[in-house]
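Novice: First the structure, then my questions, so here it is.
The values are calculated or read from the model by the stated rules, or taken from the named source; none is laboratory data. Note that the coordinates shown come from a computational prediction; the quantities given were computed from them, not determined experimentally. Cβ placement follows ideal geometry from the backbone for every residue including glycine, while neighbour counts extend to all protein chains displayed.
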Amino acid sequence: MSHTSIAFIGGGNMASAIVGGLLRAGRAPQQILVVEPFDEARARLSQDLGVRVFARPEAALGEAGLVVWAVKPQFFTDAAAPCAPWVGQALQLSVMAGIRSDAIARLSGTERVVRSMPNTPALIGQGITGLFGRAAVSEADKQWVEEVLAPTGRSLWVGKEADLDAVTAVSGSGPAYFFYVVEAMMAAAVEMGLTAEQGRLLALATCSGAAELALQSVEDPSVLRARVTSKGGTTQAAISSLEADQVAASMRRAVLAAQRRARELGDEFGA
């Protein structure tokens, strides 16, 4: 990994997760700069991580070879203006939802822009991040981005920027779908007489194990499902109930609704 400094514009949860990963990977705290306007957040970043923190953009940003945009989308335009004098020579990496690369290129002053869509398991190093790079982004730039994000989990490059809306719908919002299912399984466990904690452990361990099994298997999830679904058995009764309620179709509609909303947010926050 390059020894060039990395600057973060915004020091919230996702930025902190990436910074923590960089430090664990061996990067020196003094090579990381964070612009964070909130006093409490700055104090936390300084005390817990030991990185350089600033209340507002300063000339030190010019040291950065990579700038990570981690502010809330609605604040991007205001945050970008005072940073622009110092960041135009750096590679830009956005972890903001909805802000398209055209806007980042225009306001940062460079075409070297990578957009990403992480998800919350990145906070424990188990995430997956969708990535799109503009034409000016080199293979070396892409490798640097992958190295920076590696401690947060896996990464996946997509060929066109619009594909990030699909990534948002599947993996960005996906943890919420999972938690929704777990909540229902826990409620059913309690209804059947188990304690809430027993239901929680059973649901989470089962879902986690099933996901790991699918990841390690070369077979399609439909095949793995069929193996559990004995004719006339308990699993078939459950699957038949789900099919009668058209859960699969509902799930597809939900994911497509998330994709549409991602596209709308991109329109709202600027091209």
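Novice: Name the residues in segment 135-185 that are modelled with pLDDT of 95 or more, closer than 29 Å to R27 by Cα and either hydroxyl-bearing (S, T, Y) or in a loop (DSSP other than H, G, I, E, B) (or both), would you?
Specialist: A135, A136, V137, S138, S155, V158, S171, listed by residue number.
Novice: Also, I was wondering about something else. Among the residues of segment 130-174, write down those that are within 23 Å of G20 (Cβ to Cβ), among the hydroxyl-bearing types (S, T, Y) and touching a residue at least 40 places away in the same chain (Cβ under 8 Å).
Specialist: Answer for segment 130-174, where residues must be within 23 Å of G20 (Cβ to Cβ), among the hydroxyl-bearing types (S, T, Y) and touching a residue at least 40 places away in the same chain (Cβ under 8 Å): T152, S171.
Novice: While we're on this one: When you scan segment 50-62, how many residues do you find that are of a type in the set (A, V, I, L, M), in contact with a strand residue (DSSP E or B) (Cβ under 7 Å, 6 or more places away or on another chain) and over 28 Å from Q126 (Cβ atoms)?
Specialist: Going through segment 50-62, the residues of a type in the set (A, V, I, L, M) turn out to be 51, 53, 55, 59-61.
Those left that are additionally in contact with a strand residue (DSSP E or B) (Cβ under 7 Å, 6 or more places away or on another chain): 51, 53, 60-61.
Okay, now just the ones that are also over 28 Å from Q126 (Cβ atoms), so 60-61.
Residues meeting the conditions: 2.
Novice: Across segment 223-239, what is the number of residues that are among the basic types (K, R) and within 21 Å of A184 (Cα to Cα)?
Specialist: Kept after step one, since they are among the basic types (K, R), are these residues of segment 223-239: 225, 227, 231.
Applying the additional criterion that residues be within 21 Å of A184 (Cα to Cα) yields 225.
Qualifying residue count for the region: 1.
Novice: Here are some residues: A176, A97, A150, A79. Which one is within 15 Å of the chain's Cα centre (by Cα) and closer than 21 Å to S5 by Cβ?
Specialist: A150
Novice: Give A17, A64, A80 a once-over and let me know the one that is surrounded by 21 or more Cβ atoms within 10 Å (Cβ to Cβ), within 22 Å of R115 (Cα to Cα), in contact with a Pro (Cβ under 9 Å, 6 or more places away or on another chain) and of a type in the set (G, A, S).
Specialist: Answer to the selection: A17.
Novice: I need the full set of residues from segment 32-49 which are within 22 Å of G125 (Cβ to Cβ) and modelled with pLDDT of 95 or more, in order please.
Specialist: Selection gives I32, V34.
Novice: State whether one or more residues within segment 89-96 are in contact (Cβ under 8 Å) with a residue 12 or more places away in the chain, over 14 Å from F132 (Cα atoms) and not β-branched (V, I, T).
Specialist: Checked against the condition, which is being in contact (Cβ under 8 Å) with a residue 12 or more places away in the chain, over 14 Å from F132 (Cα atoms) and not β-branched (V, I, T), segment 89-96 yields at least one hit.
Novice: Just the residues that are among the polar types (S, T, N, Q) and surrounded by 13 or more Cβ atoms within 10 Å (Cβ to Cβ), please, taken from segment 172-197.
Specialist: Going through segment 172-197, the residues among the polar types (S, T, N, Q) turn out to be 173, 195.
Result: S173, single match.
Novice: I'd like to check something: does segment 112-123 contain any residue that is surrounded by fewer than 16 Cβ atoms within 10 Å (Cβ to Cβ), of a type outside the set (A, V, I, L, M), touching a residue at least 60 places away in the same chain (Cβ under 8 Å) and closer than 19 Å to G159 by Cα?
Specialist: Of segment 112-123, the ones surrounded by fewer than 16 Cβ atoms within 10 Å (Cβ to Cβ) are none.
Scanning segment 112-123 turns up no residue that is surrounded by fewer than 16 Cβ atoms within 10 Å (Cβ to Cβ), of a type outside the set (A, V, I, L, M), touching a residue at least 60 places away in the same chain (Cβ under 8 Å) and closer than 19 Å to G159 by Cα.
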